[in-house]
Amino acid sequence: MRHSFGKFMRISCKYCDIELTNSLVEVQSVGQLSEIDGEDFIPMGQFLISNGDYYTGTKNKIIINIKDLKNSKNHTDLTRLNGCCGLDGTDGPNKQCLNGHEIGTEKSDCWMAHSIVLDNDKIIKIE
C-alpha cells in the first residue's frame, strides 16, 4: 500500500463541485483495515489509495467509509443497485452526487467488507 503519513484530503464532484466528504486523513497502517464481511473496511474519517488486493479492479482508487460520503444518492439506473443485503457494486458505479453525476461504487453487501470506492476520473481531491 502507498502511504504518505499525515496526508489530509476532501473530495468533491468533478462536474458540479458539490462536497462529497469532510476532511479525511490517509490510513496509517493496514492494521486499521478490516476484511470481515459486513463490517467497515476502513475506519470513519480516513481514506486509502487502494492497491487492488481486496476489491478487484480498484488499484489506485480512493476508498472511504460509507458513513463519510455525503451529498450523494443511489444511482438512478436500478440495474446498478444489485445485491442481496446491500449493494455489491458488480454492475458498475452505483452512487451519484445529489446533482446526478456518477461518483463511485458502494460495496455494502453481506459477503464483503463495506466501503465506497470513488471513481478518480469523476471526483476532485482537495489536499
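FRET efficiency for MET44 and THR79, Cβ-Cβ distance as r, R0 = 25 Å, nearest 0.05? Could you put the intermediate results ahead of the total?
Numbers: r = 30 Å, r/R0 = 1.19.
After rounding to 0.05, the efficiency reads 0.25.
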| Using a 1.4 angstrom probe and counting only protein chains, how large is the accessible area of LYS14 in Å², to 10? | 110 Å²
| query | Of all the accessible heavy-atom surface of segment 48-119, with the other protein chains kept in place and a 1.4 Å probe, what percent is carbon and sulfur? | reply | 48 percent
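Indicate the gyration tensor shape class of segment 57-102 (rounded, prolate or oblate), computed on the Cα atoms with a ≥ b ≥ c the square roots of the eigenvalues: a/c under 1.5 is rounded; otherwise a/b larger than b/c is prolate and the rest oblate.
Numbers: a/c = 1.41, a/b = 1.04, b/c = 1.35.
Rounded, since a/c falls under 1.5.
Please arrange HIS75, HIS101 by accessible surface area, largest first, computed with a 1.4 Å probe and ligands excluded. Intermediate results must be reported in sequence, preceding the final value.
Numbers: HIS75 20, HIS101 55 Å².
Sorted descending by solvent-accessible area, the residues read HIS101, HIS75.
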| Range of Cα positions in segment 15-127 per principal axis (Å), largest first | 36, 36, 22
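Just the accessible area per residue of segment 16-127, please: how many Å² with a 1.4 Å probe?
47 Å²
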| query | How long are the three semi-axes of the equivalent ellipsoid for segment 3-43, computed from the Cα gyration tensor as the root of 5 times each eigenvalue, in whole Å, largest first? | reply | 24, 15, 7
| note | Phi angles of segment 50-59, converted by Karplus (6.51 cos²θ - 1.76 cosθ + 1.60, θ = phi - 60°) into ³J(HN,Hα) in whole Hz with x for Gly and Pro, give 5, 9, x, 6, 7, 9, 4, x, 10, 3
| request: Enter the accessible area of ASP88 (Å², nearest 10), with the probe set to 1.4 Å and all protein chains included. | output: 20 Å²
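Starting from the Cα gyration tensor of segment 15-68, take the square roots of the eigenvalues, sort them a ≥ b ≥ c, and report rounded, prolate or oblate (rounded when a/c is under 1.5, otherwise prolate if a/b is larger than b/c, else oblate).
Working: a/c = 1.76, a/b = 1.40, b/c = 1.26.
Taking the square roots of the gyration eigenvalues as a ≥ b ≥ c, segment 15-68 is prolate.
Subtracting the Cα-Cα distance from 0.36 nm times the residue separation, let me have the gained length for VAL30 to ASN60 in nm, one decimal. Walk me through the numbers before you get to the answer.
Values: separation 30, 0.36 × 30 = 10.80 nm, distance 1.55 nm.
So the chain would gain 9.3 nm between VAL30 and ASN60.
Order LYS125, LYS67, LYS107 by their accessible area, 1.4 angstrom probe, all chains in place, largest first. Could the numbers behind the result be given before it?
Values: LYS125 95, LYS67 120, LYS107 30 Å².
Greatest to least solvent exposure: LYS67, LYS125, LYS107.
The values are calculated or read from the model by the stated rules, or taken from the named source; none is laboratory data. Nothing here was measured: the structure is a model prediction, and the numbers come from that model. Heads up, the Cβs are rebuilt from the backbone with ideal geometry, glycines too, and the neighbour counts pull from every protein chain shown. Ligands, DNA and RNA are excluded from the accessible area calculation, which covers all protein heavy atoms including side chains. Shrake-Rupley method; radii C 1.70, N 1.55, O 1.52, S 1.80 Å.
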